Amino acid sequence: MKNAVPKNDKKRRKQLADEVAKLEAELEQKHKEELKELKEALPEQNSIADGVANLELEGAEQQIQHPRISKAQKRRV
């Protein structure tokens, strides 16, 4: 956008600079709001992740360990 206006057109260049500054400010505000929402939602995600981790641990304890089969034994079967 900045290169779209010729250097000798001061009025349009100033207008473009103001527009870019406005867009950057809006983007910065939007990022702050998104970070705030993310931080508010983060505790919920942590509790869900902890629950899933507990389920995985319980499931791992219940699995029976099978002896590892070597490549030679696989070929014989």
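Just so it is clear, none of the values below were taken in a lab; they were calculated from the coordinates. Because the structure is a prediction, the values reported are computed rather than measured. Neighbour counts run over all protein chains shown; Cβ positions are idealised from the backbone, glycine included.
Results, tabulated for the structure shown:
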read-out	value
Within-12-Å neighbourhood charge of A25 [Cβ basis; K, R +1; D, E -1]	-2
Extension gain (nm, one decimal) between R76 and D9, 0.36 nm per residue minus Cα-Cα	15.8 nm
Karplus-derived 3J(HN,Hα), 6.51/-1.76/1.60, for each residue of segment 70-75, Hz, glycine and proline x	6, 4, 5, 5, 5, 5
